[in-house]
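Encoded as structure tokens, the structure appears first; notes follow it.
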Amino acid sequence: MKIYIKLLANYRNYLPEGTNGDQISIVVPEDICPEEILDMFSLPPIPESVVLINGRTMVPGEPINEGDVICAFSAMAGG
């Protein structure tokens, strides 16, 4: 199934070389989970990464569906 990966801020560096912008489409198996997608791009694990599925906070183990947009960025603390 085809999904979209959007990596923001410093996470853009994890996108494949030659990617224009901050988003790419990829084809993944139907039974993939969000954590496996983080591994595919060598992104830091949760809670170091914030992951959204279609603009909503991801629930660990949540299923991914055709056309979903997975967005990830670094969790930052401020003060």
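The values are calculated or read from the model by the stated rules, or taken from the named source; none is laboratory data. For clarity, every value in this text was computed on a predicted model and none was experimentally measured. Cβ atoms come from the backbone with ideal geometry, glycine included; neighbour counts cover every protein chain shown.
Within the range 25-58, can you find the residues that are among the aliphatic types (A, V, I, L, M), surrounded by fewer than 16 Cβ atoms within 10 Å (Cβ to Cβ) and within 10 Å of the chain's Cα centre (by Cα)?
Met40
Residues that are out of contact with any Pro (no Cβ under 9 Å at 6 or more places or on another chain), surrounded by 15 or more Cβ atoms within 10 Å (Cβ to Cβ), in a helix (DSSP H, G or I) and not hydrophobic (A, V, I, L, M, F, W, C): does the range 14-24 have at least one?
Yes.
Is it fair to say Ile64 is free of Cβ contacts under 8 Å to residues at least 40 places away in the same chain, more than 10 Å from Ile5 (Cα to Cα) and part of a loop (DSSP other than H, G, I, E, B)?
No.
Working only within the range 67-79, note down all residues that are in a loop (DSSP other than H, G, I, E, B) and under 22 Å from Asn10 (Cβ atoms).
Answer for the range 67-79, where residues must be in a loop (DSSP other than H, G, I, E, B) and under 22 Å from Asn10 (Cβ atoms): Ala75, Met76, Ala77, Gly78, Gly79.
Which ones in the range 25-36 are of a type in the set (D, E, K, R), touching a residue at least 24 places away in the same chain (Cβ under 8 Å) and not in a loop (DSSP other than H, G, I, E, B)?
Glu35
Going residue by residue through the range 37-51, is there one that turns out to be part of a strand (DSSP E or B), farther than 20 Å from Lys2 by Cα and at pLDDT below 95?
Checked the range 37-51: at least one residue is part of a strand (DSSP E or B), farther than 20 Å from Lys2 by Cα and at pLDDT below 95.
Would you mind telling me which numbered condition in (1) touching a residue at least 12 places away in the same chain (Cβ under 8 Å); (2) over 19 Å from Arg12 (Cβ atoms); (3) not charged (D, E, K, R) Thr57 fails?
Against the list (1) touching a residue at least 12 places away in the same chain (Cβ under 8 Å); (2) over 19 Å from Arg12 (Cβ atoms); (3) not charged (D, E, K, R), Thr57 comes up short only on (1).
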